[in-house]
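Heads up: the structure comes next, in C-alpha cells.
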Amino acid sequence: MNRRDFERKSAASTLSDMEIFVFPELLYALVLANLMSPRLWRWQDDPWFGDMSGQKPARRIARLKQFVMDHYAFNLDLDTWGLTTKERERARFRGLIDDAALRASNALFGYEGDRYYFDLDIRTHFGLDKYTSDTIPYWKTETVEAMDAFRFKPGYTTGAGECVSLSTLYAAGLFLVAGIPLRDIFLMATPLHSQNFIDVDNGMLTNNRRLVTKNMWFNGTALSAQARRALDHEQVTVVAHESGWIHTLYTDATIAPDAYARFDARLRAFLTSKLTVEILGNFLRHQQSLQKCFQLRWILHGADHYLPLEKAFAYENGCAFRVTDKTRAKLLGEVEVEEFLDSRLPGRIVLNDLEAFVETRHPDLRKSADTNALRELFVCGCMNAEDAITHLILFCKTDPHLPDPSTRHFAADGAPLELAADMSRETLIARLEALRGSNSMVDLAFYVYRDLNRTDPAPFVAAALERSPVSRAGTANLSASECEARVRALEGVSIYDEPGRLAQPDEVWNFGRGDGVEKALLLANLLLARDPAAADGRLDIEQGRAVLYFGGQTYGFETIKGLRPQSWILPTHRI
C-alpha cells in the first residue's frame, strides 16, 4: 500500500484527534466498528431498553442518553494516552497535509478560534504548561471496548471516553438501540469538540454525554451555554455521515450533496429562534452581565413593587420555577417580601415593559426597523444598547461555520451502506464485508475494529510500536527483566472479547490486562524503548502461542486469539 493508505490504516488503530483531523474518513469508520461490536449489540438485551417499540423517537433517544450517562464518564486527561510532539506529528504527516493549514485549524498547532476559548492560555487550560511548547497530547479516541475497559483503571467505576469517543458511540447507539436511521445522524467535529446532530422532530444535539433539544439550546442556562460553545465560536472542521464526509481543508468531499444540504438547512433551523417573551428572558439569563441593568415590576398588596433582575434569577437556583415562563408567579412567591422595593430602581430597564413590546410588536430581528425600536428600549446608563442588541441577535440565531459546499467537488466513495435497523449483527457485518472493496470508509472500519484476521497487520503493529508512550513512561526506570515481570503479572484477559481482535500496548498497560499476543507486543514496545536500534526483533504468532525474539532472548506467551500463523519483524517504526 502507498504511504497515505498505510498511514491512515495505522491511524485507524490509534485514532488520535490529529489522525482523525488528517483522515476524516476515520470518524465514521469508528461508528461502523462500534456497530460491529458484540458489546454494543448486548445493549439490546439490557432491561433498560426493553419495551421501547411504541415509544416516539425523542423518548427512545432520551432512554439512550440516560444509559450513556449511567455507564460512561467524560475523560480528557494527559495521562491516559500520553504525549507526543508537534515536530513528530509534522514529520509523520509531512506531504499529507499543509503545515500552514494545520496551524490555522488545529487547536494544538496554533489555532485559537474565537478568543472566547482563550481567556486562559490553552496550554495552561489543558495542563501542558509544565512541558515544552513542542509537547502536545495524543488524546486518542476509544472504541466501545476501550471505553468499557476504563472501569479497570484506578479512579473509575464506569466506562469513560473523550468527546469523539462519546459522539461515535452515540451515533452507533442511536441506530442500534434507539432505531434512528443512519441517514438522520450527522457527526460534527470542531478543533476542540465533537458532537452529533440528529434530524428528529426539531432536531437534537449530542454534547459529550448529554442531549440538547432546541428548547434547551435557547433556555439560557449554564448547561446550554456550555453546549453552545463549539457551534457559537468554532469552525466545523468535519461533517461525517453514512454517505461520506466533508472537511474544511479538503476540496474533495464524499458526503451526498443532498444529505449535506438537508443537514445544513435543518441545523440552521435548529439554531434559530424567533424573539418571544420567553426567549428574551432566557437571553438575560444567559447574558448575566446585563441582569444588573434590569428590574422586574410585581404587584404586592395592590401596589407596584420592583425587584432587581439578578435577584430574581438567583432564586431559580435549586427551584423548579423560572423567571421566564408561566411559573414566574410561583417563583416570585418564593422571594422574601423584604427583597422587593416599593419604588422603581433608577437607571434600570423594567423588563415587563420590554416584554410587552415583544408580545405586541413581535419584532423580527432580521428587520432594521424592529431592531432599531428594540435598541431604543435597551438604552440605559449601565450598558451599551448596540452591544446588547448584537448579543441578542446572536443568541437567537447561531450561524454555524460549516464547510462551504460551493467550493467542493463531490464524489461518492463507493456503494452506499444501506444498513437497516432490523438487520442481525451477522447480516450487518456481511454487508460491510461486501462493501470493503468499493468503499474505503468501510474498509477502514475493519482496521478500526482491530481484527488482524481480516486486515493487514503491518499498520496495527506500526501503531503499537510508534504511538504507545504511556507504557514506556510507566516503565522508564525498570530493567528489561523487570519489564518482563510486570507484563507477565498483568491479568491474562483481553479487553476485546472476540478472536483476532487485539488491544494496543497502552490499552493493555492502562487497563492491566491482555491476551498473550497483546502482552508480547507490549513487551516488544518496552524493549524497543531500551534498544531502538535492535535489528533482531521478531514476533512469531503460532498456534496458541506468541513468541517474541529480541536481543538474543526468547519470550513465550500463551494466546487464545486464534490469529493465523505469521511473523512480525521489529522494529517497524519509521520516525
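The values are calculated or read from the model by the stated rules, or taken from the named source; none is laboratory data. Predicted model only: the values in this text are computed from it and were never measured. Note: ideal-geometry Cβ built from the backbone for every residue, glycine included; neighbour counts use all protein chains shown.
Would you please list the contacts, defined by Cβ atoms under 9 Å and residues six or more apart or on different chains, that run from a residue in region 363-382 that is among the hydroxyl-bearing types (Ser, Thr, Tyr) to a residue that is outside any helix (DSSP H, G or I) and crowded, with 16+ Cβ neighbours inside 10 Å?
So the pair list comes out as THR371/PRO363; THR371/LEU365.
Working only within region 316-342, note down all residues that are among the hydrophobic types (A, V, I, L, M, F, W, C), assigned to a loop (DSSP other than H, G, I, E, B) and exposed (fewer than 11 other Cβ atoms within 10 Å of the Cβ). Outline the logic, then answer.
Quick first cut of region 316-342, residues among the hydrophobic types (A, V, I, L, M, F, W, C) only: 319-321, 323, 329, 331-332, 335, 337, 340-341.
Checking which are assigned to a loop (DSSP other than H, G, I, E, B) leaves us with 319-321, 323, 335, 340.
Across region 316-342, the qualifying residue is only ALA320.
Which residue out of LEU465, LEU522 is crowded, with 16+ Cβ neighbours inside 10 Å and touching a His at 6+ places or on another chain (Cβ under 8 Å)?
Values: LEU522 fails: touching a His at 6+ places or on another chain (Cβ under 8 Å).
Result: LEU465 is the single residue among LEU465, LEU522 that is crowded, with 16+ Cβ neighbours inside 10 Å and touching a His at 6+ places or on another chain (Cβ under 8 Å).
How many residues are without any contact (Cβ under 8 Å) to a residue 12 or more places away in the chain and β-branched (Val, Ile, Thr) when one looks only at region 13-40?
Number satisfying all stated conditions: 0.
Cβ-Cβ distance below 6 Å, separation of 6 or more or different chains: which pairs start in region 349-362 with a residue that is under 11 Å from GLY281 (Cα atoms) and end on one that is of a type in the set (Phe, Trp, Tyr)?
LEU351/PHE294
Looking only at region 324-347, count every residue that is within 42 Å of the chain's Cα centre (by Cα) and among the charged types (D, E, K, R) and tell me the total. Please lay out each step first, then the result.
Here is the first cut: in region 324-347, the ones within 42 Å of the chain's Cα centre (by Cα) are 324-335.
Next cut, among the charged types (D, E, K, R) only: 325-326, 328, 330, 334.
So the count comes out to 5.
Given the conditions (1) surrounded by 20 or more Cβ atoms within 10 Å (Cβ to Cβ); (2) assigned to a helix (DSSP H, G or I); (3) touching a helix residue (DSSP H, G or I) at 6+ places or on another chain (Cβ under 7 Å), which single one is not true for GLU484?
Failed condition: (1).
Please determine whether any residue of region 555-567 is in contact with a Lys or Arg (Cβ under 9 Å, 6 or more places away or on another chain), assigned to a loop (DSSP other than H, G, I, E, B) and in contact (Cβ under 8 Å) with a residue 24 or more places away in the chain.
For region 555-567, residues in contact with a Lys or Arg (Cβ under 9 Å, 6 or more places away or on another chain), assigned to a loop (DSSP other than H, G, I, E, B) and in contact (Cβ under 8 Å) with a residue 24 or more places away in the chain: present.
Quick check: anything in region 55-72 at pLDDT below 90 and more than 25 Å from ASP148 (Cβ to Cβ)? Reasoning before the result, please.
Of all residues in region 55-72, those at pLDDT below 90 come to none.
No - not one qualifying residue is present in region 55-72.
Read through the list (1) outside any helix (DSSP H, G or I); (2) within 27 Å of GLN195 (Cβ to Cβ); (3) at pLDDT 95 or above, then give the number of the only condition that THR455 fails.
Every condition holds for THR455 apart from (2).
Can you tell me which residues in region 283-310 are touching a strand residue (DSSP E or B) at 6+ places or on another chain (Cβ under 7 Å) and of a type in the set (D, E, K, R)?
ARG297, ASP304
Considering region 301-311 alone, what residues qualify as being surrounded by 14 or more Cβ atoms within 10 Å (Cβ to Cβ), hydrophobic (A, V, I, L, M, F, W, C) and either modelled with pLDDT under 95 or in a strand (DSSP E or B) (or both)? Step through it out loud before you land on a result.
Let us first name the residues in region 301-311 that are surrounded by 14 or more Cβ atoms within 10 Å (Cβ to Cβ), namely 304-311.
Checking the rest, the ones that are also hydrophobic (A, V, I, L, M, F, W, C) come to 307, 309.
LEU307, the sole residue that qualifies.
Assess whether LYS397 counts as being closer than 17 Å to LEU275 by Cα, touching a Ser or Thr at 6+ places or on another chain (Cβ under 9 Å) and either at pLDDT 90 or above or surrounded by 13 or more Cβ atoms within 10 Å (Cβ to Cβ) (or both). Let's see the steps before the verdict.
Values: closer than 17 Å to LEU275 by Cα: yes; touching a Ser or Thr at 6+ places or on another chain (Cβ under 9 Å): yes; either at pLDDT 90 or above or surrounded by 13 or more Cβ atoms within 10 Å (Cβ to Cβ) (or both): yes.
When the stated conditions are applied, LYS397 passes them.
In this structure, is ASP536 part of a strand (DSSP E or B), in contact with a strand residue (DSSP E or B) (Cβ under 8 Å, 6 or more places away or on another chain) and farther than 25 Å from SER16 by Cβ? So that I can check it myself, show each step before the final result.
Working: part of a strand (DSSP E or B): no; in contact with a strand residue (DSSP E or B) (Cβ under 8 Å, 6 or more places away or on another chain): yes; farther than 25 Å from SER16 by Cβ: yes.
No: the conditions fail for ASP536.
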